[in-house]
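Nothing in this text is a laboratory measurement; each read-out follows from the coordinates by a stated rule. These numbers come from a predicted model, not from an experiment. Neighbour counts are summed over all protein chains in view; Cβ atoms, including those assigned to glycine, are modelled from backbone coordinates with ideal geometry.
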Amino acid sequence: MNKGEIIAGFLAPHPPHLVYSENPPQNEPESQGGWEELRWAYERARASLEELKPDVLLVHSPHWITEQGHHFLGVENLSGKSVDPIFPNLFRYGFDLNVDVELAEACCQEAADIGLNSKMMRNPKFRVDYGTITTLHMIRPQWDIPVVGISANNSPYYLQLDEGLEEMDRLGKATRAAIEKSGRRAVLLASNTFCHFHFSEEPEIPEDMSQEHPQNYEGYRWDMRMIGLLRKGHVDEFFEILPQFIEEAFAEVKSGAFTWMFSAMGYPKIPGELHGYGTVIGTGNPVMEWNLIKAGLATDIKNIQAA
Amino acid sequence: MTVVSAFMIPGSPLPYVQADNPPWGRLADAMKTAGESLAASKPDAIVVYSTSWFAVLDQLWQTKPHLKGVHVDENWHEYGELPFDIHIDTKLAEVAIQESNDAGIKSKGVNYDQFPIDTGTIVASNFLNPGNKLPLMITSNNLYHDWATTETLGQISAKAADRLGKKIAVVVIGRLSGAFYRHTINISEDKVVSEQDDQWNKKILDLLGQGATDVFLQTCPEYAEKAKVEMGFKHMAFLKGALGEQFQGGKVHAYEPIYGSGAAVIEF
């Protein structure tokens, strides 16, 4: 068995508005479009994922909240209808996903081995959260790649911020170890928004884009500054000022998904590819990719096949 | 009198799914006792405010007439499932929505198949309304609402019932001290995480038991901060709003830990 590798990571935010505006058959409500720039960003991300041909997608979602430990989906197939509790008018989605239980168990065990409280979710009636589903739909609407779903323990909220992010760093390292031992070629998905200040009321027509813009200027400036650092590969500086960003822009990366992903990738100091940026009810949403194959940090599948 | 009884209970599923663990079992017994008191007060409907139903954009009110299904808790899935069968007093909810909008708190109903019902509401329904005999009016915890707004929502709920000539029981759902164990514990040895949290909980419960409501209300902000009370103790704000002048303290049926956090069953 070849050594497993993380071949890419995506910052893949999860506003349900993007699913709503795309009108896929799985979603009940119908729209007249909207948020096109973000959906086009995801189109580019989808094309890149197609080229990557991963064996598995791992997604960390801030909307599966678990107070006791880091949980992993542990049922081979999960299906049902996910209704967003905040935007039920936009997101009522029939999901049907396959889980890479073997890798999920390995991730869970590796996390436990380094002292993290971790747990498998084994109940087949479990309803998968809308953050996980939205990110997965937007990146791979075919639903043909097995998934490892990881909960948000929210340690950065409960502990001191630096302690909580340090725990997410450890979870990332555990995830990497499990992937390497599994032989899988994995893509990581951090389901996070950047600036998370949002409007308190919805327009009468949710997809009326004349109403869509950043909720506040300072938050927007923070997003541009942080995206700028990532596009240049200034990863150290990004993580140095991350706590201030979280504090001042109310950034959703506080939930830890982004730190988890970068830790798992080994904090590569490579330029991230910005597929696009857009606001959703005022929040800031970059869709970005770190392609470790292009950067020479992971093996191209063609080389493996040739060997 | 519109509000004929009122209760505060914890929203954790553990007393329901693991009642054979002594501390959680005592909470389960207390909630059954509370359910008997509630039934004896003969309300026409039960108004439920749950801190674990999060809303962000508006104040949400459940308006689907019948909710039935099985819920698996996001955190405690290994303990099993939570069945629910709930009827909604849609007329009462519609009036409350109107009253709320009139008061400047933007509100709307939710009437969707498979809309996620929060664990706390299911626990309350199953313990305090066995057999689904009474209809419920369920409203959400808007994360951006403060104590005053939440108290107004309690007032609005009672006012809506009064307009319809209905008697209501009020049930608010939330924890006391909010710190909990992050690691796996021997559940039979569960206790409140810190002595300080325990003392704070006991102090606040003593004030309620003595009927010292003025001191109690003055102490609530400090208590909420020092003991990290779930959602800033807004469940108490809702209850205070609904009871109004009837708020004169409460009888504590049980005070126990739930995985380190403080939990109490209180009858008002």
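Side notes on the structure shown:
- Quotient of C-alpha Rg and 2.2 N^0.38 Å, computed over region A:170-307: 1.20
- Per-residue shielding of B:70-77, expressed as the average number of other chain Cβ atoms within 10 Å of the residue Cβ, stands at 6.
- Classification of region A:249-292 by its C-alpha gyration tensor yields an oblate form. The axis ratio a/c (a ≥ b ≥ c) is 1.5 or more, and b/c is at least a/b.
- Kirkwood hydrodynamic radius of region A:111-162, Cα pairs, Å: 13.7 Å
- Semi-axis lengths, largest first, of the ellipsoid equivalent to region A:71-204 are 26, 21, 13 Å, with √(5λ) applied to each eigenvalue of the Cα gyration tensor.
- Put simply, region B:149-197 fits an ellipsoid with semi-axes of 38, 13, 8 Å; these come from the alpha carbon gyration tensor as the roots of five times its eigenvalues, largest first.
- Kirkwood hydrodynamic radius of the protein assembly as shown, from inverse mean 1/r over distinct Cα pairs, in Å: 24.6 Å
- When the pairs B:Lys202/B:Lys226; B:Lys133/B:Lys240; B:Lys91/B:Lys166 are compared against a 18 Å limit on Cα-Cα distance, B:Lys133/B:Lys240 fall above it.
- Springs between Cα atoms under 10 Å define the GNM used for chain A, and in it the highest mean-square fluctuation of A:Glu237, A:Glu166, A:Glu207 occurs at A:Glu237.
- For chain B, pairs of C-alpha atoms spaced more than 30 angstrom apart make up 21 percent of the total.
- Set of lysines near A:Lys294 by C-alpha distance (under 29 Å), chain-local residues within fewer than 8 positions excluded: A:Lys3, A:Lys53, A:Lys173, A:Lys181, A:Lys232, A:Lys254, A:Lys269, A:Lys302
- Helix-derived mean residue ellipticity, 222 nm - over the protein assembly as shown, DSSP H n ≥ 4, -39500 (n - 2.57), to 500: -12000 deg cm²/dmol
- Overall, the ratio between the Cα radius of gyration of region A:66-147 and 2.2 N^0.38 Å, rounded to two decimals, is 1.16.
- Using only side-chain charges placed at the Cβ, +1 for Lys and Arg and -1 for Asp and Glu, the dipole size of region B:172-268 relative to its Cα centre rounds to 180 debye.
- Among B:Asn201, B:Asn126, B:Asn21, the largest mean-square fluctuation in a Gaussian network model of chain B, built with springs joining Cα atoms closer than 10 Å, belongs to B:Asn21.
- Anisotropy class of region A:1-52 from Cα gyration tensor, a/c 1.5 cut: prolate
- Placing +1 on the Cβ of every Lys and Arg and -1 on the Cβ of every Asp and Glu, with nothing else charged, gives region A:1-141 a dipole about its Cα centre of roughly 240 debye.
- Backbone geometry of region B:125-133 corresponds, through the Karplus equation with coefficients 6.51, -1.76 and 1.60 at θ = phi - 60°, to 3J(HN,Hα) couplings of 4, 5, 7, 9, 9, x, x, 6, 7 Hz, x marking Gly and Pro.
- Loop-located trypsin sites (Lys or Arg not before Pro) in region A:92-191 (DSSP state not H, G, I, E or B) with no more than 14 neighbouring Cβ atoms inside 10 Å: A:Arg122, A:Lys125.
- In region B:104-193, chymotrypsin sites (Phe, Trp or Tyr not before Pro) in a DSSP loop with at most 14 other beta-carbon atoms within 10 Å: B:Tyr144
- Enclosing the Cα atoms of region A:1-127 in their convex hull gives a volume equal to 135 cubic angstrom per residue.
- Computed from the Kirkwood radius of its Cα pairs, the Stokes-Einstein diffusion coefficient for region B:138-268 at 20 °C and 1.002 mPa s stands at 139 µm²/s.
- Shape category assigned to region B:21-82 from the gyration tensor of Cα positions, a/c cut at 1.5: oblate
- Low-density loop cleavage sites - trypsin sites (Lys or Arg not before Pro) in region A:1-82, where at most 12 other Cβ are within 10 Å (DSSP): A:Lys3
- Applying Stokes-Einstein at 4 °C and 1.567 mPa s to the Kirkwood radius of chain A, computed over alpha-carbon pairs, gives a translational diffusion coefficient of 67 µm² s⁻¹.
- Dipole magnitude for region B:50-119: about 280 debye, using +1 per Lys or Arg Cβ and -1 per Asp or Glu Cβ, origin at the Cα centre.
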